[in-house]
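Quick notes on the structure that follows.
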Amino acid sequence: MTKTELADLYRGYIACLNRQDWLNLGQFVADDAIHNGRLLGLSGYTAMLERDFNEIPDLYFNVLLLVCDPPYVAGRLGFECTPKGRFLGLDVNGKRLSFGENVIYEFRGGKISEVWSVLDKVAIEAQLAGGR
């Protein structure tokens, strides 16, 4: 797969997430997908995303930076959203937040096989403390 093809595939995945199109998530995520070292499989990966959208109804994935080096995709995702209650162990309780996620994906057979993800919790803590 070329860099351009991989970038297009990844953007299709992000569009699928933003549509909450769980029935088609298997086009992008492998049956044995691993997230941050945990084997979730497609069903666990789907459940994780459904839970995220339930806890953050206005969740929307914005691609801020995308680097493709097949079979890897690295990116910086941006979020401006309003978690309902607790998020990352923090009492957010409906406060609008802006934060980023650094993420690396490994693709095998045209699907995401492994994901390494880190959310910018420090940015969230600063906003909750009254800073930006």
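The values are calculated or read from the model by the stated rules, or taken from the named source; none is laboratory data. Quick caveat: nothing in here was measured; it's all calculated off a predicted structure. Note that each Cβ is placed from the backbone with ideal geometry, even for glycine, and that neighbours are counted across all protein chains shown. Please note that ligands, DNA and RNA were not included when accessible areas were found on the heavy atoms of the full protein model with its side chains. Shrake-Rupley method; radii C 1.70, N 1.55, O 1.52, S 1.80 Å.
Out of Lys111, Lys84, report the one residue that is in contact (Cβ under 8 Å) with a residue 12 or more places away in the chain, charged (D, E, K, R) and in contact with a helix residue (DSSP H, G or I) (Cβ under 7 Å, 6 or more places away or on another chain).
Numbers: Lys111 fails: in contact with a helix residue (DSSP H, G or I) (Cβ under 7 Å, 6 or more places away or on another chain).
Exactly one residue qualifies, and that residue is Lys84.
Free of Cβ contacts under 8 Å to residues at least 24 places away in the same chain and surrounded by 13 or more Cβ atoms within 10 Å (Cβ to Cβ): does that describe Leu39? Here the answer is no, as Leu39 does not meet what is asked.
Is it true that Phe28 is surrounded by 13 or more Cβ atoms within 10 Å (Cβ to Cβ) and over 17 Å from Trp116 (Cα atoms)?
Values: surrounded by 13 or more Cβ atoms within 10 Å (Cβ to Cβ): yes; over 17 Å from Trp116 (Cα atoms): no.
No, not satisfied.
Of the residues in segment 15-22, none is at pLDDT below 95, acidic (Asp, Glu) and out of contact with any helix residue (DSSP H, G or I) (no Cβ under 6 Å at 6 or more places or on another chain). It is to be established whether one or more residues within segment 4-16 are touching a Cys at 6+ places or on another chain (Cβ under 6 Å), surrounded by 12 or more Cβ atoms within 10 Å (Cβ to Cβ) and of a type in the set (A, V, I, L, M). Checked against the condition, which is being touching a Cys at 6+ places or on another chain (Cβ under 6 Å), surrounded by 12 or more Cβ atoms within 10 Å (Cβ to Cβ) and of a type in the set (A, V, I, L, M), segment 4-16 yields at least one hit.
Condition test on Ala30, is it touching a Ser or Thr at 6+ places or on another chain (Cβ under 6 Å), at pLDDT 95 or above and not basic (Lys, Arg)? Yes; evaluated as a whole, the condition is true for this residue. Cβ separations smaller than 8 Å between residues 6+ apart or across chains give the following pairs from segment 1-17 residues that are under 19 Å from Phe53 (Cβ atoms) to residues that are open to solvent by 70 Å² or more (accessible area, probe 1.4 Å): Gly12/Gln27; Cys16/Gln27.
With the condition kept exactly as written, say whether any residue in segment 66-81 is among the basic types (Lys, Arg), open to solvent by 20 Å² or more (accessible area, probe 1.4 Å) and at pLDDT below 95. Break it down into steps so the answer makes sense when it comes.
Filtering segment 66-81 down to residues among the basic types (Lys, Arg) leaves 76.
With open to solvent by 20 Å² or more (accessible area, probe 1.4 Å) added as a condition, the list becomes 76.
Cutting the leftovers down to at pLDDT below 95 gives us none.
No, there is no match, as no residue in segment 66-81 is among the basic types (Lys, Arg), open to solvent by 20 Å² or more (accessible area, probe 1.4 Å) and at pLDDT below 95.
Going through segment 107-121 one residue at a time, which ones are aromatic (Phe, Trp, Tyr) and either modelled with pLDDT under 95 or open to solvent by 40 Å² or more (accessible area, probe 1.4 Å) (or both)? Hit for segment 107-121 is Trp116, nothing else. The lone criterion from (1) more than 12 Å from the chain's Cα centre (by Cα); (2) on the phi > 0 side of the Ramachandran plot left unmet by Asn36 is number (1). Filtering segment 61-77 for residues that are out of contact with any strand residue (DSSP E or B) (no Cβ under 7 Å at 6 or more places or on another chain) and closer than 30 Å to Glu125 by Cβ leaves an empty set.
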